[in-house]
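Since the structure comes first, as structure tokens, the remarks are kept for the end.
The values are calculated or read from the model by the stated rules, or taken from the named source; none is laboratory data. Because the structure is a prediction, the values reported are computed rather than measured. Heads up, the Cβs are rebuilt from the backbone with ideal geometry, glycines too, and the neighbour counts pull from every protein chain shown. Accessible surface areas use protein heavy atoms only, side chains included; no ligands, DNA or RNA. Shrake-Rupley method; radii C 1.70, N 1.55, O 1.52, S 1.80 Å.
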Amino acid sequence: MQIFTKTNNLIKYLESISEKQIGFVPTMGALHNGHLSLIQKCVKENDISIVSIFVNPTQFLEGEDFEKYPKKIEADKKICSLAGVDILFLPTADEIYFEDETNILAPKIKGYILEGYKRPGHFNGVLQVVLKLLNITKADNAYFGKKDAQQLYLIKKMVKELFLRTNIIECDIVREESGLALSSRNAYLEQSEKKDALLLSASLKKATQIVSKGEKDASKIKEEMLKTLKTIKVEYIEITDREFNKIATIQPGNTRILVAAYVGLTRLIDNIEV
Ligand code: PAF
């Protein structure tokens with residue numbers, strides 16, 4: 001596995017191997033089995049696989065966890081190397097960002113609902129860095145997890161609307177046996193908080209069961225989910241179609257149920273498609 005820290009060196013290297021099909025997994029590190037599943041798929045489906053680890057400052061709001069975001073660089077290198085990754089890209093912020101630079105803005109509506117409402121401007125930073133990384137890597141295929149469903153939706157929208165050449169590959173959420181969706185931020189959870197963290201996936205499971213029994217009324221489903229989540233601080237429960245439009249009635253095969261909540265000081269998100 002080759003490690004690049006300089007953007008221009010990576011670009012030059014990739015120009016020298018231009019005939020190969022390139023797969024790319026962008027990450028912020030602290031890799032877990034969810035990342036590993038993306039990486040393994042990427043390695044399997046491409047000639048050259050690239051993983052980036054970059055804790056992107058522009059997607060964190062003032063007061064969020066940028067400074068304390070978990071870092072496990074040695075363990076991450078090992079995971080990538082064992083998985084057969086060809087290139088690990090570890091840039092510093094100076095290698096990615098410029099003074100007074102050109103900015104891309106998230107869509108005014110879909111970028112400012114749900115996660116974008118609670119974290120205004122977050123998706124500007126996500127799209128800015130993903131656009132740069134796709135340009136740097138010239139990825140044919142890029143792999144993203146469905147846990148960040150709105151992020152994935154907005155990246156696909158950007159790729160389509162900016163006529164980028166990368167295929168965005170959607171990958172399923174990886175869960176612990178308990179149901180907890182894997183996330184680097186789970187590392188913040190105290191042992192005593194783990195039980196409460198399970199309530200997010202439990203509420204989604206309950207929603208699926210209710211839907212499979214024939215309930216279609218979104219407000220009734222939300223009410224039931226709220227009962228499961230009553231001991232934690234819920235930020236939102238939302239039911240939308242796959243394009244993130246709110247819906248009052250479940251549309252089988254075209255619905256997302258999304259939840260965000262605080263367990264202690266840790267903000268967790270989860271979702272399912274029904
Ligand atoms: O999902 C993430 O880890 C980040 O938002 C991403 C896509 C790597 C951009 O910084």
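Worth a mention:
- Among the candidates K138, K118, K108, residue that is away from the ligand (no atom under 13 Å from the Cβ) and without any contact (Cβ under 8 Å) to a residue 12 or more places away in the chain: K108
- Top-ranked residue of the stretch 10-35 - restricted to ones that are in a strand (DSSP E or B) and not hydrophobic (A, V, I, L, M, F, W, C), ranked as surrounded by the most Cβ atoms within 10 Å (Cβ to Cβ): G23
- Residues of the stretch 176-186 classified as open to solvent by less than 40 Å² (accessible area, probe 1.4 Å) and assigned to a helix (DSSP H, G or I), total: 2
- In the stretch 73-91, the residues that are within 14 Å of S37 (Cβ to Cβ) and open to solvent by 40 Å² or more (accessible area, probe 1.4 Å) reach residues that are at pLDDT 95 or above and in a helix (DSSP H, G or I) with C-beta atoms within less than 8 angstrom, at least six apart or across chains, in these pairs: I79/H35; I79/L36; I79/I39.
- The conditions of being hydroxyl-bearing (S, T, Y) and within 15 Å of the ligand (Cβ to nearest atom) are not met by S178.
- Unique residue being more than 16 Å from the ligand (Cβ to nearest atom) and either farther than 24 Å from V174 by Cα or basic (K, R) (or both) when the list is E15, E45, E64: E15
- Taken together, S192, S212 contain a single residue that is under 29 Å from G63 (Cα atoms), of a type in the set (S, T, Y) and away from the ligand (no atom under 13 Å from the Cβ), which is S192.
- Any hit, the stretch 36-50, residues being more than 22 Å from T137 (Cβ to Cβ), assigned to a helix (DSSP H, G or I) and open to solvent by 40 Å² or more (accessible area, probe 1.4 Å): no
- When Y236 is tested against the conditions (1) touching a residue at least 60 places away in the same chain (Cβ under 8 Å); (2) buried (at least 19 other Cβ atoms within 10 Å of the Cβ); (3) among the hydroxyl-bearing types (S, T, Y), the lone failure is (2).
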